[in-house]
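To start, the structure under review is shown below, and the notes come after it.
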Amino acid sequence: MVAGHEGFWAEDPAALLRAGSGFVLADQQTDAHPGFDGDKKDGRRALAVGAGILAEQQERLFAASTAGDTRSVLLVLQAMDTAGKGGIVGHVVGAVNPQGVHYTAFKKPTKEELAHDFLWRVRSAVPGAGMIGVFDRSHYEDVLIGKVRSLADAQEIERRYGAINDFETELAASGTSIVKVMLHISSAEQKARLQARLDEPDKHWKYKPGDVDERMLWADYQEAYQAVFDRTSTEAAPWFVVPADRKWYARLAVQHLVIDAIERMNLAWPTADYDVEGEKKRLSAT
């Protein structure tokens, strides 16, 4: 359990949210709040406390890199449209020093990117030492949209699962803690959020007609996500499926997962490579 956050959680959500052996996406509730017994008000209070914890842990991570520690964290966010990826970035990742964050939003591949293997553009975006990397969508688009929209044949999709596992195993072995999150929203909640974007002029910019096109393939995407969990939830990089109908819970759960990943590194503040007492005397003399 995250130090300083124990009083908010009835049970560690990491174990409850992990997509392990026998995991079935269709059986997961989208409006639940596993491990948390409070309501929205309690969740917001816990998120505020967690923001301070995460900021301190991120500073430890960055500070350690100045002393040669090469470790980093990569948060991978996947979801159907409107599930709240932007809210995670703003309310969770936004609580830390932006200098310690490397954010990448993967869009439709460019001609140059399509000329290379699908992981080419991903490799160049992995976080460096001391950084929290964020993938807003990711290499998993190539086995989700790729599968649903038949942009690649079945044999190529299978090859990509294997390539992803090899890539993530390599990344983890090099010192990157990978936190893969699927924000699990219901079809009904997505419809309500899309409707809100149409009803409110200040949200029209968020709406894209293509969102409805993808929505019409809902069942196909759920099947594609199930295949992703079956094939790529590994010991080196497990998947966590976070109920996303309640935005406050999704943000709180992801915050917990990121803090937990950093705390597991057991980071210590770097020791000074100079005479501290001597520097105090020099400073006082100025």
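The values are calculated or read from the model by the stated rules, or taken from the named source; none is laboratory data. Please read these numbers as outputs of a predicted model, since none were measured by experiment. Here Cβ is always computed from backbone atoms with ideal geometry, including for glycine, and neighbour counts include all displayed protein chains. The accessibility values were calculated without ligands, DNA or RNA, using every heavy atom of the protein model including side chains. Shrake-Rupley method; radii C 1.70, N 1.55, O 1.52, S 1.80 Å.
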So LEU267 clears everything in (1) buried (at least 16 other Cβ atoms within 10 Å of the Cβ); (2) part of a helix (DSSP H, G or I); (3) out of contact with any Phe, Trp or Tyr (no Cβ under 9 Å at 6 or more places or on another chain) except one condition, right? Which one?
(2)
Going by the conditions given, is ALA48 of a type in the set (A, V, I, L, M), out of contact with any helix residue (DSSP H, G or I) (no Cβ under 8 Å at 6 or more places or on another chain), part of a helix (DSSP H, G or I) and open to solvent by 30 Å² or more (accessible area, probe 1.4 Å)?
yes
Check every one of the helices (runs of 4 or more DSSP H) wholly within the range 146-222 and list those with 2 or more residues that are modelled with pLDDT of 95 or more, closer than 14 Å to ASP81 by Cβ and of a type outside the set (D, E, K, R).
187-199
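Filter the range 21-38 down to the residues that are surrounded by 12 or more Cβ atoms within 10 Å (Cβ to Cβ) and either in a loop (DSSP other than H, G, I, E, B) or among the small types (Gly, Ala, Ser) (or both) and list them by number. Give the derivation first.
Taking the range 21-38 first, the residues surrounded by 12 or more Cβ atoms within 10 Å (Cβ to Cβ) are 23, 25, 28, 30-36, 38.
Once the filter is applied, which keeps residues that are surrounded by 12 or more Cβ atoms within 10 Å (Cβ to Cβ) and either in a loop (DSSP other than H, G, I, E, B) or among the small types (Gly, Ala, Ser) (or both), the range 21-38 yields PHE23, GLN28, THR30, ASP31, ALA32, HIS33, PRO34, GLY35, PHE36, GLY38.
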All positions within the range 99-132 that are within 15 Å of ILE145 (Cβ to Cβ), open to solvent by 40 Å² or more (accessible area, probe 1.4 Å) and part of a loop (DSSP other than H, G, I, E, B):
LYS107, LYS108, PRO109
Of the residues that make up the range 67-77, is at least one of a type in the set (D, E, K, R), within 30 Å of ASP273 (Cβ to Cβ) and at pLDDT 95 or above?
yes
Filtered residue count, the range 251-269, keeping only those that are among the small types (Gly, Ala, Ser) and touching a Pro at 6+ places or on another chain (Cβ under 7 Å)
1
Being open to solvent by less than 10 Å² (accessible area, probe 1.4 Å), touching a residue at least 12 places away in the same chain (Cβ under 8 Å), assigned to a helix (DSSP H, G or I) and not polar (S, T, N, Q): is that true of LEU74 here?
no
Counting just the residues of the range 1-12 that are over 19 Å from MET265 (Cβ atoms) and surrounded by 14 or more Cβ atoms within 10 Å (Cβ to Cβ), which one comes out modelled with the lowest pLDDT?
PHE8
So which residues in the range 133-145 are under 18 Å from the mean Cα position of the chain (by Cα) and part of a helix (DSSP H, G or I), if there are any at all?
GLU141, ASP142, VAL143, LEU144
Checking the structure you have, find out if any residue of the range 275-283 is open to solvent by 20 Å² or more (accessible area, probe 1.4 Å) and closer than 30 Å to GLY22 by Cβ.
no
